[in-house]
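Structure first, then comments.
The values are calculated or read from the model by the stated rules, or taken from the named source; none is laboratory data. Keep in mind that what you see is a predicted model, and the values were worked out from it rather than measured. Quick reminder, even Gly has a Cβ in these numbers, built from the backbone with ideal geometry, and neighbours come from all protein chains shown. Calculation scope for accessible area: heavy atoms of the full protein, side chains included, ligands and nucleic acids excluded. Shrake-Rupley method; radii C 1.70, N 1.55, O 1.52, S 1.80 Å.
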Amino acid sequence: MTDRNPARGPRSRDAILQAAGDLCREQGYAAVTMEAIATRARVGKPTLYRWWPSKGAVFLDVVLDRIVEPAVQLPDTGDIARDLRTWIRGFADLFTDPHARQLLVGLLGAAQTDAELATMLREKIQRPLQASNRERITAAQSAGQLPAMDPVLLEELLISPPWYRLLVSGEPVTPAYADALVDAVLGAHGGSSR
């Protein structure tokens with residue numbers, strides 16, 4: 001991913017994101033402070049605040065760069081059932097990684113009381129992924145590979161159960177679960193799961 005702020009030096013930015021990720025792994029999201037990130041990255045706290053308004057904003061970039069982009073975009077091989085399985089399995093891999101899980105749960109929890117962070121999450125992660133994923137779903141519908149239903153609803157039917165397991169039930173999101181979920185959703189709505 002390219003640097004979102006050209007004024008930042010790429011090395012400093014990488015050092016800050018690495019420091020934040022390492023601290024989260026060591027201490028947990030809630031215990032990490034902006035001061036600790038600055039100290040670990042060997043940058044001044046004013047510099048850190050000039051680039052990011054809050055700890056949540058730093059961790060949002062950690063999640064964007066190191067987790068979301070490589071893991072959760074719906075692929076396009078031409079076989080939508082296989083692509084959906086791969087997509088949900090990407091979440092299974094993501095949610096079973098203790099570091100990624102800790103970052104995501106911490107960030108999403110913080111967004112519940114930080115309106116600015118919640119807006120950034122929607123603008124930087126949710127909306128771009130939704131647009132890309134729904135374009136893929138719509139194309140598959142046009143090709144007769146998916147049922148003609150609201151693509152927003154279809155995406156939400158597929159993606160909500162893994163997030164529920166991550167944030168509420170604590171049950172694992174395994175590859176077998178991912179496959180069963182895709183089969184159940186497509187089968188229930190007249191799509192081909194094979």
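Taking a 1.4 Å probe, which of Arg11, Arg25 shows the most accessible area, and what order do the others take after it? Walk me through the intermediate numbers first.
Numbers: Arg11 205, Arg25 125 Å².
Sorted by accessible area, descending: Arg11, Arg25.
Among Pro46, Pro147, Pro175, determine the one that fluctuates most according to a GNM of the chain built with springs between C-alpha atoms less than 10 Å apart.
Of Pro46, Pro147, Pro175, the most mobile in the Gaussian network model is Pro46.
I'm spelling it out carefully: the read-out is Rg/Rh (Cα atoms, Kirkwood Rh), the candidates are (i) 1.36; (ii) 0.94; (iii) 1.02, and one was derived from this structure. Which label?
For Rg/Rh (Cα atoms, Kirkwood Rh), the calculated option is (iii).
Which value in Å is the Kirkwood Rh of region 120-194 over different Cα pairs?
13.4 Å
What list of ³J(HN,Hα) couplings, whole Hz, do you get for region 39-55 from phi and the Karplus terms 6.51, -1.76, 1.60, once you set θ to phi - 60° and write x for glycine and proline?
4, 5, 7, 6, 10, x, 4, x, 4, 4, 5, 5, 8, 9, x, 7, 4
On C-alpha positions alone, give me the angle between the axis of helix 10-27 and the longest principal axis of the chain, in degrees, nearest 10.
80 degrees
Modelled label-to-label distance, Thr113 and Arg101, 7 Å Cα→beta-carbon offset: nm?
2.4 nm
Write down the accessible area per residue of the chain in Å², having rolled a 1.4 Å probe over the full set of protein chains.
On the way: 9610 Å² over 194 residues.
About 50 Å² of surface per residue is accessible.
What does the charge dipole of region 111-194 about its Cα centre add up to, to the nearest 20 debye, if the Cβ of each Lys and Arg holds +1 and the Cβ of each Asp and Glu holds -1?
Charge dipole, region 111-194, about its Cα centre: 180 debye, nearest 20.
What whole-number distance in Å separates the alpha-carbon centres of region 125-194 and region 80-97?
10 Å
Quick check: at a probe of 1.4 Å, how many percent of the accessible area of the chain sits on carbon and sulfur atoms?
Details: 5100 of 9610 Å².
Carbon and sulfur together cover 53 percent of it.
Grab the beta carbon distance between Gln27 and Leu153, set R0 = 45 Å, and tell me the FRET efficiency rounded to 0.05. Show your work: numbers first, answer last.
On the way: r = 40 Å, r/R0 = 0.88.
Rounded to the nearest 0.05, the efficiency is 0.70.
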